[in-house]
Amino acid sequence: MEAKIIPAASMPVSKWTGGETRQLAISPPSGTVAAQDFQWRFSSATVLQDGAFTQFPKYQRLLALRQGAGFTLQVDAHQQQVSSPLQMLRFAGSAQSSATLIAGAIVDINLMVDASMQANLWSAPCTTEFQPWPGPILPGAILLIYADQAPLQICLEPGAPPLLLALGDVLQLQSPQQPCLVRAANAPCTAVFAWLAPL
């Protein structure tokens, strides 16, 4: 298993008309949004106003709310309101899509994967007691943990000292053989979890 902490300070932030996007992780590291030559990309966006999404024809998109009252997402002819962090939407990057804010700015979380990958994205509560990774571990999987609300501690192996994820950091685990253990470092919170695996 390979473990890599991506510090918040190293994450590039790009501004656009309706807000800004923080790139949390991307593979391969040389991939770019402009060239759309990445296999997968994990990001968070602060959205300040209504607007259309950029199209990514080769990718599937997974999208969830993290902060704010929510938004209404229009994807081609379909419309859905997102007002809870427990909701996760999955749609084709080739679709004509746009968001209308319900009541002011929001922060969302995004995962994009190409046709070679399967993936899932969700938020889960973290207590101050260690709990197992809250999801499956598939062969060849990549696990992502984003400490977007509070610091987390991650124990990769029984008896090993835990890794500390500071606020805003991401932990990327490559091909884990067993579940890691996760806890909130200071007080209960929620965190973002994702897995990706080859089809």
For the range 163-180, enumerate the residues that are within 20 Å of THR127 (Cβ to Cβ), out of contact with any Pro (no Cβ under 6 Å at 6 or more places or on another chain) and surrounded by fewer than 19 Cβ atoms within 10 Å (Cβ to Cβ).
LEU163, LEU164
Which of the residues spanning the range 1-39 are open to solvent by 40 Å² or more (accessible area, probe 1.4 Å), within 30 Å of GLN49 (Cβ to Cβ) and outside any strand (DSSP E or B)?
PRO7, ALA9, SER10, PRO12, THR17, THR32, VAL33, ALA34, ALA35, ASP37
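Would you mind stating whether THR54 is within 24 Å of SER14 (Cβ to Cβ), open to solvent by 50 Å² or more (accessible area, probe 1.4 Å) and at pLDDT below 95? Step through it out loud before you land on a result.
Values: within 24 Å of SER14 (Cβ to Cβ): yes; open to solvent by 50 Å² or more (accessible area, probe 1.4 Å): yes; at pLDDT below 95: yes.
Yes: the conditions hold for THR54.
So that you can scan it fast, the table gives a plain yes or no per residue for (1) out of contact with any helix residue (DSSP H, G or I) (no Cβ under 8 Å at 6 or more places or on another chain); (2) without any contact (Cβ under 8 Å) to a residue 40 or more places away in the chain; (3) not in a loop (DSSP other than H, G, I, E, B):
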{"site": "ALA99", "(1), (2), (3)": "yes, no, yes"}
{"site": "ALA103", "(1), (2), (3)": "yes, yes, no"}
{"site": "ASP108", "(1), (2), (3)": "yes, no, yes"}
{"site": "ASN120", "(1), (2), (3)": "yes, no, yes"}
{"site": "SER123", "(1), (2), (3)": "yes, no, yes"}
{"site": "THR128", "(1), (2), (3)": "yes, no, no"}
{"site": "PRO134", "(1), (2), (3)": "yes, no, no"}
{"site": "ILE137", "(1), (2), (3)": "yes, no, no"}
{"site": "LEU143", "(1), (2), (3)": "yes, no, yes"}
Where a residue in the range 19-47 is over 18 Å from SER116 (Cα atoms) and its partner, wherever it lies, is basic (Lys, Arg), with Cβ under 6 Å and at least six apart:
SER44/ARG22
Among (1) modelled with pLDDT under 95; (2) under 30 Å from CYS180 (Cα atoms); (3) of a type in the set (Gly, Ala, Ser) - the single one SER116 does not satisfy
(1)
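Has the range 92-114 got at least one residue that is under 21 Å from ALA185 (Cα atoms) and open to solvent by 30 Å² or more (accessible area, probe 1.4 Å)?
The answer is no, given that none of the residues of the range 92-114 is under 21 Å from ALA185 (Cα atoms) and open to solvent by 30 Å² or more (accessible area, probe 1.4 Å).
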Hey, can you tell me all the residues within the range 147-167 that are within 14 Å of LEU24 (Cα to Cα) and out of contact with any Lys or Arg (no Cβ under 9 Å at 6 or more places or on another chain)?
ALA147, LEU165, ALA166, LEU167
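The values are calculated or read from the model by the stated rules, or taken from the named source; none is laboratory data. The structure displayed is predicted, hence computed values, not measured ones. Positions of Cβ are generated from backbone atoms using ideal geometry, with glycine treated the same way; all protein chains shown enter the neighbour counts. Note: accessible area is taken over every heavy atom of the protein model, side chains too, but ligands, DNA and RNA are not part of it. Shrake-Rupley method; radii C 1.70, N 1.55, O 1.52, S 1.80 Å.
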